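The values are calculated or read from the model by the stated rules, or taken from the named source; none is laboratory data. This is a predicted model, so every value here is computed, not measured. All Cβ positions, even for glycine, are placed from backbone atoms using ideal geometry, and neighbour counts span all protein chains on display.
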Amino acid sequence: MDLQIIYLKERKEFGRAATHLTSTDPEGLGEFESNETLISGYAERNRVTLNMQAIPEISEHWVEPEMVAYTNHGMNHMEGGWPKDLDYTEKEQTLRYRKKVEKDEEYLRQVRDLVEAVDSSLMQNVAIDIYENYFQAEEGEEGREAEASNEAPSAKTLAAFKDPSEIKRTACQISWFPDGGKRFAVAFSIMQFQDWRIDKASHASYIWDVNNPNEPEMALNPVHSLCCIDAYNVKQQDSLVGGLYNGLVSFWDTRQGSQPVQTSVIESSHRNPVYDICWLTSKTGTECCSTSTDGQVLWWDAKKLAEPLERLLLEDKQHDGRAIGGVRLECSTAGGKFMVATEQGTIVSCNRKAKNPSDRVGMSFEGHLSPVYAVQRSPFMANFFLTIGDWTWRLWNEELRNPVITSKYHMSYMTDTCWSPARPGVFFTTKMDGTLDVWDIFYKQHEPTLSMQVHNDGLYAVSIEPQGQLLTTGSVDGSIYLLELYGPDGDAAQREEGGRGHVRARVQAREEPRGARQGAAEQGEAGRGHRKGRRRGRGRGGRALGE
């Protein structure tokens, strides 16, 4: 009987048909003889099995802290400690006893010791939170919309103006005309003492139109090179005044040509180069003020420069009344008050209209380690002013002796500064490494919000036009760069207005206790010196009487 098995599958399940294979006999491909000498040189490796766990060991612990019970305690202080023979209910007896104790030297020593112990605890109560938000949101506004904008500013170079002179000179000072940012004047000079280029260089300075950087609109030809210039005269927009390297002061009317209309005489002028000059707010619009390192501040009538109107000798009242040289002026406030930055590193507050002549030179602010090359008052907060000197900038308050904010020490020397007329917290600084820094203290204080490498050499001067859109900066080789500023929207200035009150409150909370401690310390030292002097006097009198 035949058995038959039938598989029912599709052809694709059997795989490919093996029709190409053929059956052949084995064939040797080669012979390899064994070599005993080579075999002895090999060692068989022992197989090792190693298990590793790459997950870190984690342990879990539970801690049950002990509960602390809080209780309230009170203390009733009763007046006591009086002598037995004194009736403390009688005010005259207690008052007489207090005066007697207060005159005792041991009592004064104990009080001083107690004050030192309690002072640290008191100062902890007035400590300021370093993480406090400077500028809180205004009422009725939402969150970040009420705060100062955190948008970083930007700037673009529009044009470059070159000194036409063959011997390159420093752009010492730049001043805009009050014509809406159309023209500006630049004072060119060589400020290095006894430089060989001084006698060979041109004495001309120039006025430029922002729309024509190829050539200056007008040349100013003084008898010597200009160290400073001021063209911002609202009442007489065609007038400008400048200070010369030889100490003279010249006045120009651009409608009458390149030659100065008036120039002071050397006998009545400064004895050193005029480092700064500025127009004053007056009825005629022709009064100006100048300063120099000879220690003088002179007031002039630009149309009568034969003799100055007034003179003021800057004296350091804290160091035997020695003369101090002026470098920069700040005359933006009315009422005769002005400030002078000196080459001794101090800023002197002065008052032209003081009743007593000895009171015309007032309080001085010390802090810089070298001459102060710029001082400018904030256009929004009149009590605050900014200074540039050594490697730092410092923000001051007129009511405090110490600076409110001091920048870090930069690697390059700082040369000039100016405030933004559009935003309260923005100002600009220049350095000798050729960088222009834009600072916004409403945004951050430890570093600039924008730093631009404008020139390979150092930048010496900076100035901004009254609307706050165009900025000019001058270099040590006489190049002037015109930049257009871009920043937050127009509401940023209004939002920053609300931050002024927070700034004032924070400054007063931090600085007033320190000023009070300094005043108390000075009074204490003066009192101790007075007592020592009295004791010495009594001792000398006793010896004289004994003799």
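Structure notes:
- Residue within segment 340-352 that is small (Gly, Ala, Ser), over 29 Å from Leu482 (Cβ atoms) and not assigned by TED's automatic domain parsing to the domain that holds Gly468 present: yes
- Meets criteria (farther than 24 Å from Val372 by Cβ and of a type in the set (S, T, N, Q)) for Ser292: no
- Residue list for segment 402-442, filter: among the charged types (D, E, K, R) and either touching a residue at least 40 places away in the same chain (Cβ under 8 Å) or closer than 18 Å to Asn383 by Cβ (or both): Asp416, Arg423, Asp440
- Flag if Lys355 is free of Cβ contacts under 8 Å to residues at least 24 places away in the same chain, over 23 Å from Pro448 (Cα atoms), surrounded by fewer than 17 Cβ atoms within 10 Å (Cβ to Cβ) and of a type in the set (Lys, Arg): yes
- Any hit, segment 270-291, residues being among the aliphatic types (A, V, I, L, M), within 17 Å of Ala187 (Cβ to Cβ) and in contact with a strand residue (DSSP E or B) (Cβ under 6 Å, 6 or more places away or on another chain): yes
- Residue count, segment 388-410 (criterion: among the hydroxyl-bearing types (Ser, Thr, Tyr) and in contact with a Pro (Cβ under 8 Å, 6 or more places away or on another chain)): 0
- Selection count, segment 226-235, where residues are within 16 Å of Asp301 (Cβ to Cβ) and either surrounded by 15 or more Cβ atoms within 10 Å (Cβ to Cβ) or within 29 Å of the chain's Cα centre (by Cα) (or both): 2
- Checking Gln453 against (1) at pLDDT 90 or above; (2) crowded, with 18+ Cβ neighbours inside 10 Å, the condition it does not meet: (2)
- Checking Leu114 against (1) surrounded by fewer than 11 Cβ atoms within 10 Å (Cβ to Cβ); (2) at pLDDT below 85, the condition it does not meet: (2)
- Selection of segment 240-277 for residues being surrounded by fewer than 21 Cβ atoms within 10 Å (Cβ to Cβ) and outside any loop (DSSP other than H, G, I, E, B) yields Asp253, Thr254, Arg255, Gln256, Gln262, Thr263, Ile266, Glu267, Ser268.
- Every residue from segment 202-250 that is over 18 Å from Asp179 (Cβ atoms) and of a type in the set (S, T, N, Q): Ser202, Ser205, Asn214, Asn221, Ser225, Asn246, Ser250
- Any hit, segment 418-425, residues being in a strand (DSSP E or B) and at pLDDT 90 or above: yes
- When we screen Asp85, Asp129 for residues that are surrounded by fewer than 12 Cβ atoms within 10 Å (Cβ to Cβ), modelled with pLDDT under 80 and in a loop (DSSP other than H, G, I, E, B), the only hit is Asp129.
- Residue satisfying condition, being over 34 Å from the mean Cα position of the chain (by Cα) and at pLDDT 90 or above, within set Val265, Val241, Val210, Val249: Val265
- Residue match in segment 187-206 (condition: surrounded by fewer than 18 Cβ atoms within 10 Å (Cβ to Cβ) and modelled with pLDDT of 90 or more): no
- Scanning segment 342-378 for residues that are polar (S, T, N, Q) and either at pLDDT 85 or above or within 14 Å of Pro403 (Cα to Cα) (or both) yields Thr342, Gln344, Thr346, Ser349, Asn351, Ser364, Ser370, Gln376, Ser378.
- Among the residues of segment 379-393, the ones that are more than 25 Å from Gly335 (Cα to Cα) and either in contact (Cβ under 8 Å) with a residue 60 or more places away in the chain or charged (D, E, K, R) (or both) come to 1 in all.
- The residues in segment 212-222 that are assigned to a loop (DSSP other than H, G, I, E, B), in contact (Cβ under 8 Å) with a residue 24 or more places away in the chain and within 18 Å of Gly474 (Cα to Cα) can be counted, and the count is 4.
- Residue check for Leu386: crowded, with 22+ Cβ neighbours inside 10 Å and over 24 Å from Phe365 (Cβ atoms): no
- Condition check for Thr291: among the β-branched types (Val, Ile, Thr), modelled with pLDDT of 90 or more, more than 21 Å from Ala171 (Cβ to Cβ) and assigned by TED's automatic domain parsing to the domain that holds Gln192: no
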